[in-house]
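Asker: Structure in structure tokens, see below.
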Amino acid sequence: MTFAQLESLTDHVSSAGSRPHRQIRAPYDDSVVGTVPLCTPEDVRSTLDEARAASDEWASWPVSDRAAVFRRFHDAILDRRESILDVIQTETGKSRPDALEEVLDAATTARYYANLAGRALSPTRRSGAVPFVTKTVERSHPVGVVGIISPWNYPLSLSVSESIPALLAGNPVVIKPDEGTPFTALWALDLLRECGLPESVLQVVTGEGPTLGDPLIEGVDYVSFTGSTEVGRLVAETAGRHLTDCSLELGGKNPLLVLDDADVAAAARGAVRGCFANTGQLCISIERIYVHESVADEFREALVRETKALTLDAGYDYDHDVGSLLDGELLAKVEAHVEDAVEKGATVLTGGRARPDLGPYFYEPTVLTDVTSNMTLADEETFGPVVSVYEVESVSEAIERANDSEYGLNASVWTENTERGEQVAARLATGTVNVNEAYAAAWGSIDAPMGGMKNSGIGRRHGRQGLMKYTESQTVATQRFDLLSPPERGRALWADGVTLGLRLWKRLTELVP
Ligand code: NAD
């Protein structure tokens, strides 16, 4: 897409004309590809007012009409696949196969929630306080206006896919994309409007997180944040002060376990995908590998061979496996992590260096061993293409070391015995576990919840929870005649009667569960 085409997308940002602009750069070569307005807190507040004014009308749409917008979006984004892939690659520097994952994710999310919303949002009969006398119905109302704060690494999935359930639940949404990757969300906004989404129902504010974060969180009824644990804590603090509900999808230091009975070649191939997809800038990517000593030599050899076979380069075609890091800050962090580890005794099996010949922020996929707990990258998320391999004596040791982390986002287990793999999974303290896959199996299982334990987050995306978190449940109980208030006389008898009633009810529910 040309500079002018990208710039024209900023017409969707209110106050675009009157604000200073920020340059957006392509990580492949650091060239300026467009500019976006630096919105102010006042812009956020007026955008939220507009969203709130649209909320009753949007909530009054039949769910089937809302779903129809996203069914159209599903087809439209697949039709325009190549165009959005260009935008994603331009502003993130990722490889085209990595960018494609986002497009598939957006289409899958649109289809899944368009199909689920009608069923999940319908009023549901619940057991009443007194059987046959109380009619109880649970209703799901939109929560209000939803704010989505998203990171740069998956600019389509983590802003637009995340908006889909919120919108389907009947809420207007305001997205604050990462300051460096705004065009993907703006492109998708443009497409969604073409698919019939009313203007004020989805809006984007562009600019700096620390400036726009608070006014957004203070003005919404629900905030969905994806990003670092550090900023997640700030978001939770502000949300807490305003008693605003939130979900936080945060960082990870994800382990992969290779058991003694694993198909070692498959495990190595899976690990390479898990470690280096999106150049390692993936919250659920693998940064620690625990391999059983009986297969360790064979696994390390295969891992290094597969890693060396990856192609690293810039290009808007499907020919390269691994793309660039986002920027100089991230490159410096990756370099510092590896240098610190090497200085303290780690061994580089492959990689371990920047590749300025390919672009300013390229770094080779890197495999380390001899990593010890005093090295920064032993515990801290690198968020780059660097993995450490540790040898273990038993499955219990692998599980214990995998769980010895402040994070609990994703894990992967490799074994020929899938039942054993599932048993190991149950002992891992992570929100998702993939058996004989690294991350895509659990992420792609959109009918099941995805999110983090411990410092990796609060709440879940995907599945029913991913939709219902954007609703307020309301219980409406209609009493046919009064059996709940104590009578004016004969209260002791009444007390005996209700006590007996509870005993009988327990018996009955044991017989007919
Ligand atoms: P980040 O926390 O720096 O930024 C995320 C978003 O928060 C951006 O839009 C940014 O502008 C905004 N922000 C910054 N300061 C803010 C403030 N004070 N108040 C409100 N918003 C503010 O994260 P990042 O560097 O863009 O992303 C990388 C991190 O995100 C990694 O830790 C990664 O693991 C995590 N992540 C998690 C998931 C998940 O699903 N768990 C997915 C992707 C990325």
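Asker: Among the residues of the range 53-82, which ones are outside any helix (DSSP H, G or I), touching a residue at least 12 places away in the same chain (Cβ under 8 Å) and within 13 Å of His141 (Cα to Cα)?
Answerer: Answer for the range 53-82, where residues must be outside any helix (DSSP H, G or I), touching a residue at least 12 places away in the same chain (Cβ under 8 Å) and within 13 Å of His141 (Cα to Cα): just Trp61.
Asker: Can you tell me which of (1) buried (at least 17 other Cβ atoms within 10 Å of the Cβ); (2) over 30 Å from Asp357 (Cβ atoms); (3) modelled with pLDDT under 95 is the one Leu6 doesn't meet?
Answerer: (2)
Asker: Restricting to the range 208-244, give me the number of residues that are within 16 Å of Pro177 (Cβ to Cβ) and of a type in the set (S, T, N, Q).
Answerer: So the count comes out to 4.
Asker: Quick check on my filter: what residues within the range 9-27 are within 25 Å of the chain's Cα centre (by Cα) and at pLDDT 95 or above?
Answerer: Ile24, Arg25, Ala26, Pro27
Asker: Please go through the range 405-436 and give me each residue that is touching a Ser or Thr at 6+ places or on another chain (Cβ under 6 Å), surrounded by 23 or more Cβ atoms within 10 Å (Cβ to Cβ) and not aliphatic (A, V, I, L, M), ordered by number.
Answerer: Answer for the range 405-436, where residues must be touching a Ser or Thr at 6+ places or on another chain (Cβ under 6 Å), surrounded by 23 or more Cβ atoms within 10 Å (Cβ to Cβ) and not aliphatic (A, V, I, L, M): Tyr407, Gly408, Asn410, Asn434.
Asker: Wholly within the range 141-218, which strands (runs of 3 or more DSSP E) include no fewer than the required count, namely at least 1 residues that are of a type in the set (Gly, Ala, Ser), touching a Leu at 6+ places or on another chain (Cβ under 7 Å) and buried (at least 24 other Cβ atoms within 10 Å of the Cβ)?
Answerer: It comes to 146-149.
Asker: Which condition from (1) among the hydrophobic types (A, V, I, L, M, F, W, C); (2) buried (at least 23 other Cβ atoms within 10 Å of the Cβ); (3) touching a His at 6+ places or on another chain (Cβ under 8 Å) is the one that Ala402 breaks?
Answerer: The single condition Ala402 does not satisfy is (3).
Asker: Can you tell me which residues in the range 259-298 are surrounded by fewer than 22 Cβ atoms within 10 Å (Cβ to Cβ) and acidic (Asp, Glu)?
Answerer: Hits for the range 259-298 are Asp260, Asp261, Asp263, Glu293, Asp297, Glu298.
Asker: Return a yes/no flag: does the range 224-238 have any residue that is more than 11 Å from the ligand (Cβ to nearest atom) and among the charged types (D, E, K, R).
Answerer: No, the range 224-238 contains no residue that is more than 11 Å from the ligand (Cβ to nearest atom) and among the charged types (D, E, K, R).
Asker: Of the residues that make up the range 207-223, is at least one assigned by the TED database to the domain that holds Ala59, more than 10 Å from the ligand (Cβ to nearest atom) and under 15 Å from Ser159 (Cα atoms)?
Answerer: yes
Asker: Any residue in the range 454-470 that is within 15 Å of the ligand (Cβ to nearest atom), touching a Phe, Trp or Tyr at 6+ places or on another chain (Cβ under 7 Å) and more than 16 Å from Ile286 (Cα to Cα)?
Answerer: Within the range 454-470, one or more residues are within 15 Å of the ligand (Cβ to nearest atom), touching a Phe, Trp or Tyr at 6+ places or on another chain (Cβ under 7 Å) and more than 16 Å from Ile286 (Cα to Cα).
Asker: What are the residues in the range 51-71 that are more than 27 Å from the chain's Cα centre (by Cα) and under 15 Å from Leu121 (Cα atoms), if any?
Answerer: Within the range 51-71, Ser60, Trp61, Pro62 meet the criteria.
Asker: Let me confirm something: among Tyr363, Tyr390, which residue is out of contact with any Lys or Arg (no Cβ under 6 Å at 6 or more places or on another chain) and within 19 Å of Ala268 (Cα to Cα)?
Answerer: Tyr390
Asker: Oh, and also: Which pairs turn up if I take residues in the range 99-121 that are over 23 Å from Asp319 (Cβ atoms) and crowded, with 22+ Cβ neighbours inside 10 Å and look for partners that are among the charged types (D, E, K, R) and modelled with pLDDT of 95 or more with beta carbon separation below 6 Å, at least 6 apart in sequence or on another chain?
Answerer: Ala114/Arg71
Asker: Quick one: which residue in Glu301, Glu339 is closer than 30 Å to Leu250 by Cβ, free of Cβ contacts under 8 Å to residues at least 24 places away in the same chain and surrounded by fewer than 16 Cβ atoms within 10 Å (Cβ to Cβ)?
Answerer: Glu339 is the lone residue from the list that is closer than 30 Å to Leu250 by Cβ, free of Cβ contacts under 8 Å to residues at least 24 places away in the same chain and surrounded by fewer than 16 Cβ atoms within 10 Å (Cβ to Cβ).
Asker: Kindly evaluate Ala411 against the criterion of being in contact with a strand residue (DSSP E or B) (Cβ under 6 Å, 6 or more places away or on another chain), in a strand (DSSP E or B) and within 14 Å of the ligand (Cβ to nearest atom).
Answerer: yes
The values are calculated or read from the model by the stated rules, or taken from the named source; none is laboratory data. Bear in mind the structure is a predicted one, so any value in this text is a computation, not a measurement. A quick note on method: Cβ atoms are made from the backbone with ideal geometry, for glycine too, and the neighbour counts reach across all protein chains shown.
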